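One structure is given here, and the rest of the page talks about it.
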Amino acid sequence: MATERMASTTVAAWPLAVLETLNGYGVDGPALLTQAGLDLAVLRANPGGRVPTDAMTRLWTLAIAKSDDPAMGLRVGKTSLPMHLRVMGLLIQTAPTLGHILDVAVRYQRLISTGVMVRLQQRPDAVGLEICYLPDVALHPASIDAFVAAHVSNLRRLSPEGGVQQVMLQRSAPVQAEPWRQILDCPVTFDQPGNIVWHHRDRLDTPLLLGDAGLWRQHDALARQELEALDATPPLIQTLQGILRAQGDVLPGLGELAAAVAMSERSLRRRLSELDSGYRQLVDAWRAERAGQLVRSGDSLAEVAHRLGFSDASNFSKAFRRWYGMSPDSYRQQDG
């Protein structure tokens, strides 16, 4: 019997951060996204959506090869914006103290990627944020570099005193380690048992420049809601939704979806049935989500209908009314 593969997912805004860094190298970023199995229009239309972490790993591999820069992950993290982390970015921006940032990193990291687990480690003089690999999730070392660089850069921006004491990385030592020490601006060691960012314990309660306890609580409530919604969706459904979103307007068949999760068509059909779902339901939900994005973008109804596989604009409009309770034109006016 086939064993289903619960592929992890990553927030869709993160490949956009990679794309922006690629532009500085003169690399055709959109082409690399396509090669990695991602669709730029879909990412831009729904940066808060999810994409398969496997696709991110392919993107990192391609990006480093094309840029010829082993430290590219660091540069992505350093130049990334808070909104590349979506609600996590809002929490970081408004956190009253460094301790609050470490707290949300542990509680809400899954909103950024379900491919790692984050936990705290303790030393007498320091608190460590450890990024742990999960079984059966293939991550590129650059993804950890980017996470660490984004974290360190955010702290440096929010606190004149910084707060990072040391960084330990599992990755093998690069031929040229200077970019790691320069960008992270602290002692960095490689070939370590874990990926840990150590913070000075005596600075955990130091107020941060943009700290706002009231706004932070509002963002915390929003993050809780998003995490509950993520957890309410079975992992297999999350994975399949991510695969569908990553394909843009190219709809994979049931066989392609089954292959992507290392299952036979029959096994996938059975598992979906057990979850009160099915291929048609997944496709219908994907079409509904994509329809809203395309209608908001201003595309003609005939073009949207064609891109989503409808025979004409009339049939598309009927489906849109079923999904949204209003016509596409009304939806577009309401959104505007």
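The values are calculated or read from the model by the stated rules, or taken from the named source; none is laboratory data. Predicted model, so just to flag it, every value in this text is computed and none were measured. When we count neighbours, we look across all protein chains shown, and the Cβ atoms used for this are built from the backbone with ideal geometry, even at glycine.
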* Asked: Which residues, taken from region 278-292, are in a helix (DSSP H, G or I), surrounded by fewer than 17 Cβ atoms within 10 Å (Cβ to Cβ) and not acidic (Asp, Glu)?
  -> Arg280, Gln281, Ala285, Ala288
* Filter result for Gly248 (part of a loop (DSSP other than H, G, I, E, B), touching a residue at least 12 places away in the same chain (Cβ under 8 Å) and over 22 Å from Arg58 (Cβ atoms)) -> no
* Is one or more of the residues making up region 116-123 surrounded by 19 or more Cβ atoms within 10 Å (Cβ to Cβ) and in a strand (DSSP E or B)? -> yes
* Structure fact -> Scanning region 107-117 for residues that are closer than 17 Å to Glu226 by Cβ, of a type in the set (Val, Ile, Thr) and at pLDDT below 95 gives Thr114
* Residue in region 31-49 that is farther than 20 Å from Ser297 by Cβ, at pLDDT below 95 and in a loop (DSSP other than H, G, I, E, B) present -> yes
* Pairs under 8 Å by beta carbon, first residue at positive phi and touching a residue at least 12 places away in the same chain (Cβ under 8 Å) in region 300-319, partner surrounded by fewer than 17 Cβ atoms within 10 Å (Cβ to Cβ) and assigned to a loop (DSSP other than H, G, I, E, B), six or more apart or different chains? -> Gly309/Leu251
* Asked: Looking at (1) under 15 Å from the mean Cα position of the chain (by Cα); (2) in contact (Cβ under 8 Å) with a residue 40 or more places away in the chain; (3) assigned to a strand (DSSP E or B), can you tell me which one Tyr108 breaks?
  -> (3)
* For Leu81: the one exception among (1) in contact (Cβ under 8 Å) with a residue 60 or more places away in the chain; (2) in contact with a Phe, Trp or Tyr (Cβ under 7 Å, 6 or more places away or on another chain); (3) not basic (Lys, Arg) -> (2)
